[in-house]
Amino acid sequence: MSEIKFTTNSASSSGKSGDKKYGKYVGIGVVAVLVLIVLFNCFTIVNEGFIGVKYRFGQIVNDGLTAGLNFRIPFVEEIEQVDIRQQVYSTTTDAYTSDTQTVQELSLKLNYSYDKSKLSSIIREVGISNVETKLLVQNVAKITKNEIGKVKAEELVQSRGDVQQTIENCLRPILAQNGIVVEAFAIENLSFDDAFESSIQAKVIAAQDALKMENKTKEKEEEAKQIVIQAQAEADSKKLAAEAQAYAIEVVQEKLENSPNYIEYLKINNWNGVLPQVIGDGVNPFVSLGTTQSTPKTNNSSDYVVESNIQ
């Protein structure tokens, strides 16, 4: 009996020892898992194009965490990512010009970003998710309508770029007070009623036709000027030629008066190398015969008359 009882106690002791070891391993595993969970929760990755804002029990303690791996105290601190890339706000509204024309389907687009130095203020006072509804909607519509109301419809059509630049210049300081940086503003589309657009189109066509006529007139005037210039040039050329000829005659006369032999000099310079047909002025001048032709006399075939060209 005693041996059986001893054996039973030994088996019970062995089972309890195994249970303790199993429980120990389970405990170690649980602790390891908890440690891993804690370690994983100690770091947060901030993506490129974002900035990390660290909260400790709901209070901002750091609003400039850069992209990459950032440390936080698990269950005490949280890191929120804020997109600091350029944002786009688009809207469509109506407006009235100074001459009471309705601008329909006025499409506006605002490119903006957040001022990093005022990011905490934006989060506390406005909220990143409320920026458009609380800051952009009212300001963009209000300033746009005010500025369009200062110009006539025709000026808006012809100088839309100037108007949109004026609106952008007004938006910059107002939104900058709330930490919003205006990158660009554009009036993407605007339209008027059909009657006004038809009148604008007709006026533009008339202006283009007038410009064409003005260009033609200028072209004709230029052609006339060229004709006058050409005629004047010809007249000046003739005048210069006449003056040159008169001067030459004057010089020749002066030479003749001062030197009687000057005429002989001119003869030599102007001689073409051909001998004269008649030389001498006596009773028996020498006659150079040109082309000759023999002509028979009447009733006598042996006699001929010689004809010559004497100059």
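The values are calculated or read from the model by the stated rules, or taken from the named source; none is laboratory data. Please read these numbers as outputs of a predicted model, since none were measured by experiment. Neighbour counts run over all protein chains shown; Cβ positions are idealised from the backbone, glycine included. Side chains are part of the model used for accessible areas, which takes the heavy atoms of the whole protein and leaves out ligands, DNA and RNA. Shrake-Rupley method; radii C 1.70, N 1.55, O 1.52, S 1.80 Å.
One table, with the values for the structure above:
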item: Residue within region 111-131 that is outside any strand (DSSP E or B), farther than 30 Å from Val53 by Cβ and open to solvent by less than 30 Å² (accessible area, probe 1.4 Å) present; result: no
item: Test for Asn189: is it touching a strand residue (DSSP E or B) at 6+ places or on another chain (Cβ under 9 Å), among the polar types (S, T, N, Q) and more than 27 Å from Glu80 (Cβ to Cβ); result: yes
item: Any hit, region 59-66, residues being polar (S, T, N, Q), loosely packed, with under 12 Cβ neighbours inside 10 Å and over 25 Å from Leu135 (Cβ atoms); result: yes
item: Selection from region 63-86 of residues that are assigned to a strand (DSSP E or B) and in contact (Cβ under 8 Å) with a residue 24 or more places away in the chain; result: Asp63, Gly64, Leu69, Asn70, Phe71, Glu78, Ile79, Glu80, Gln81, Val82, Asp83
item: In region 39-58, the residues that are at negative phi and open to solvent by 60 Å² or more (accessible area, probe 1.4 Å); result: Leu39, Phe40, Phe43, Ile45, Asn47, Glu48, Arg56
item: Region 218-231 residues that are part of a helix (DSSP H, G or I), paired with ones that are open to solvent by 100 Å² or more (accessible area, probe 1.4 Å) (beta carbon under 6 Å, 6 or more apart); result: none
item: Any hit, region 133-153, residues being among the acidic types (Asp, Glu), modelled with pLDDT of 90 or more and open to solvent by 50 Å² or more (accessible area, probe 1.4 Å); result: no
item: Exclusive hit being modelled with pLDDT under 85, open to solvent by 60 Å² or more (accessible area, probe 1.4 Å) and either within 30 Å of Leu136 (Cβ to Cβ) or aliphatic (A, V, I, L, M) (or both), set Ile200, Ile205; result: Ile205
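Residue by residue, here is whether (1) open to solvent by 70 Å² or more (accessible area, probe 1.4 Å); (2) modelled with pLDDT of 70 or more holds:
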site: Asn189; (1), (2): no, yes
site: Glu221; (1), (2): yes, yes
site: Gln226; (1), (2): yes, yes
site: Tyr262; (1), (2): no, no
